[in-house]
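Novice: I'd like to ask you about the structure that follows.
The values are calculated or read from the model by the stated rules, or taken from the named source; none is laboratory data. Everything numeric in this text was worked out from a predicted model, so none of it was measured. Counting neighbours? That spans all protein chains shown, and the Cβs are built from the backbone with ideal geometry, glycine included.
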């Protein structure tokens, strides 16, 4: 009899524990990896640190970075590269994995949560919005995480770097002006970014917690996002 009562008590306790665990919020921890660092590039070392080909078998891959020797920008959306470089003063898009990177930030995301916004927001307002959305949707904000922005931008300042061989003096202004740059207005784009409060001078600049690249919907232009004002967009964060 005592054994039967003991079993019932133990089973009830187990059910209570399982019920509590199922009701707990699970923190989403999407792993972000990187190779190279901005501080290394700024010191003059712009050699390759990773080959994209080493990641070509990864599914649901999202990545941004700089081509070795700073000869272009890297963008990978759901395992589809859209790397951009400057050829004869024109931006060329390459969908190949046959590219080496001096800096690369990447992650695999199988599913995304989508949040709609129709309010104009500056880059700094967007940074705050992404942090708030992540915090309220169980993203571990103490670790880096990727995000997507899809839709219309009121304006987007961009550049595609094309560093002069032998130039050892690096700064952010020269990086923006070394290749091609411009401004998109009222355009449909996809932006891939990585957010982190702890990776300044590694893959984010010291003035921001975000590093963002973009491509146009027709894939005719892609590169680094210098500034942006969003309008009607979807913001996407990792689901699991």
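Novice: Checking residue 94 against (1) under 17 Å from residue 211 (Cβ atoms); (2) surrounded by fewer than 19 Cβ atoms within 10 Å (Cβ to Cβ), which single condition isn't satisfied?
Specialist: (1)
Novice: Another question, if that's okay. Please specify each residue of the range 59-70 satisfying the condition of being in contact with a strand residue (DSSP E or B) (Cβ under 6 Å, 6 or more places away or on another chain), touching a residue at least 40 places away in the same chain (Cβ under 8 Å) and surrounded by fewer than 22 Cβ atoms within 10 Å (Cβ to Cβ).
Specialist: 60, 61
Novice: A follow-up question, please. Listed residues 49, 30, 13; which is in contact with a strand residue (DSSP E or B) (Cβ under 9 Å, 6 or more places away or on another chain), at pLDDT below 95 and surrounded by 10 or more Cβ atoms within 10 Å (Cβ to Cβ)?
Specialist: Result of the check over 49, 30, 13: 30.
Novice: Could you identify the single residue in 199, 172 that is touching a residue at least 60 places away in the same chain (Cβ under 8 Å) and either touching a helix residue (DSSP H, G or I) at 6+ places or on another chain (Cβ under 7 Å) or closer than 17 Å to residue 41 by Cα (or both)? Don't jump to the end; show me each part of the working.
Specialist: Working: 172 fails: touching a residue at least 60 places away in the same chain (Cβ under 8 Å).
Just a single option satisfies the conditions, and that option is 199.
Novice: Next question, about the same structure. Could you tell me whether residue 56 is modelled with pLDDT of 95 or more, more than 25 Å from residue 134 (Cα to Cα) and surrounded by fewer than 15 Cβ atoms within 10 Å (Cβ to Cβ)?
Specialist: yes
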